[in-house]
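Okay, so here's the structure we're looking at.
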Amino acid sequence: MTSAPAPAPASASVSDSAPAVRLTGIGKAFGPAYAVKDVTLDIRQNEFFSILGPSGCGKTTLMRMITGFETPSEGTVELGGVPATGVPPHKRDLNMLFQSYALFPHLSVYDNVAFELKVRKQHPRSAISDAVRDALALVRLDGYGDRAIAQLSGGQKQRVAIARALIGRPSLLLLDEPLGALDQKLRAEMQLELKKLQREVGVTFVTVTHDQEEALTMSDRIAVMDGGRVLQVDTPEAIYERPATRFVADFIGTSTFLTGRLGTDGLAVAGLGTVPLPGHALPDGARAHLAVRPENVTVARTADALPPGGVALPATLQQTVYLGNATRYHLTLADGSELLAEAGGAGRAELPVGEPVWAGWDPERSRVLAE
């Protein structure tokens with residue numbers, strides 16, 4: 001498949017070996033309050049990188065400092081090894097895809113995609129036509145050039161916006177909640193489409209999202225933010241399986257927590273006794289959280305029915321929720337804390353609500369986190 005012709009990059013000194021984005025000690029204050037504080041981060045060339053966090057965590061402000069729409073209060077921004085702090089957005093070798101797509105409703109698909117090249121006035125008409133054709137083919141909208149924007153579905157509008165953003169072949173494409181306007185099924189389809197497209201065009205994608213599933217599905221790496229700070233940067237698998245903080249464990253997927261004091265035999269939890277632990281580097285006597293994912297918890301009528309050698313705790317089944325591909329069990333432990341378990345396929349069990357049961361898990365499938 002051919003790709004759109006590449007105009008000269010905004011800066012000839014951009015290095016292919018440098019990170020696509022390097023943020024060093026970045027902060028942004030609005031009055032006395034910081035929206036972003038002390039963020040140091042490298043985003044690699046040609047990776048799909050997600051900035052993930054709840055509303056108000058600072059992720060959009062961080063992205064706006066990358067694009068140049070906000071000027072950092074402190075710290076520096078480099079794009080492809082070139083200092084960019086203070087450089088206006090139109091002089092940065094990047095483009096941005098907004099959640100609303102920002103398409104021109106009075107223009108055809110062709111004219112929307114061609115808009116950037118026409119504004120530059122650096123390309124002959126035949127080159128623009130070829131570039132639009134190739135860009136539409138890239139997003140699988142061959143033959144749609146004459147259509148009006150109002151005739152398109154939500155997914156098609158997004159593809160037009162992507163084609164327009166990529167036609168100038170930027171080194172970096174930033175996406176602001178790119179799938180937020182789509183329904184759930186189409187959003188799931190477009191997650192895979194965006195990931196495939198990013199591989200095909202070889203452009204660094206940086207997306208800002210609050211959707212955990214979206215970030216886990218599309219990303220090579222994820223930065224999890226809260227309170228203006230980056231708490232963890234890693235691959236989706238590492239962030240899910242080895243969260244660095246309680247917030248990350250709770251925000252990415254679902255976890256339940258036991259809190260107690262670390263000892264040589266495990267975690268001493270008031271009302272539960274000592275719970276076996278996986279390996280960890282925290283000192284004895286420290287207070288800590290034990291995080292466990294619902295899919296790693298087994299529920300059975302008797303302790304003997306649990307996998308041998310693991311944690312075994314008496315519990316009461318409070319509620320059973322059918323999720324389609326799995327069943328979730330809401331349990332109460334002896335100390336009154338809640339524990340979630342989840343089973344699918346052959347692991348499902350018909351258990352009586354309100355009756356005593358046993359819950360257990362392999363200690364290596366849990367995670368010790370500092371309080």
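The values are calculated or read from the model by the stated rules, or taken from the named source; none is laboratory data. None of the values given here were measured: they were computed from a predicted structure. Here the Cβ is made from the backbone with ideal geometry for all residues, glycine too, and neighbour counts use every protein chain on show.
The table for this structure:
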| quantity | calculated |
| --- | --- |
| Criterion (of a type in the set (A, V, I, L, M, F, W, C) and under 17 Å from ALA370 (Cα atoms)) met by exactly one of ALA343, ALA312, ALA303, ALA281 | ALA281 |
| Residues located in the stretch 131-143, provided they are of a type outside the set (Gly, Ala, Ser) and either farther than 11 Å from ASP111 by Cα or not assigned by TED's automatic domain parsing to the domain that holds VAL109 (or both) | ARG133, ASP134, LEU136, LEU138, VAL139, ARG140, LEU141, ASP142 |
| Boolean, ASN46 is buried (at least 17 other Cβ atoms within 10 Å of the Cβ) and either touching a residue at least 12 places away in the same chain (Cβ under 8 Å) or assigned to a loop (DSSP other than H, G, I, E, B) (or both) | no |
| Any hit, the stretch 297-310, residues being touching a helix residue (DSSP H, G or I) at 6+ places or on another chain (Cβ under 7 Å) and in contact (Cβ under 8 Å) with a residue 40 or more places away in the chain | yes |
| Every residue from the stretch 222-252 that is basic (Lys, Arg) and farther than 22 Å from LYS28 by Cβ | ARG242, ARG246 |
| MET96 being within 23 Å of the chain's Cα centre (by Cα), closer than 17 Å to LEU173 by Cα and part of a helix (DSSP H, G or I) | no |
| Scope the stretch 77-90; condition loosely packed, with under 15 Cβ neighbours inside 10 Å and part of a strand (DSSP E or B); matching residues | PRO83 |
| Selection within the stretch 106-139 - basic (Lys, Arg) and at pLDDT below 85 | LYS118, ARG120, LYS121, ARG125 |
| Subset of the stretch 27-65 (residues that are hydroxyl-bearing (Ser, Thr, Tyr) and under 16 Å from HIS210 (Cα atoms)) | SER50, SER55, THR60, THR61 |
| Residue in the stretch 199-208 that is over 24 Å from ARG169 (Cβ atoms), within 12 Å of the chain's Cα centre (by Cα) and not assigned by TED's automatic domain parsing to the domain that holds VAL275 present | no |
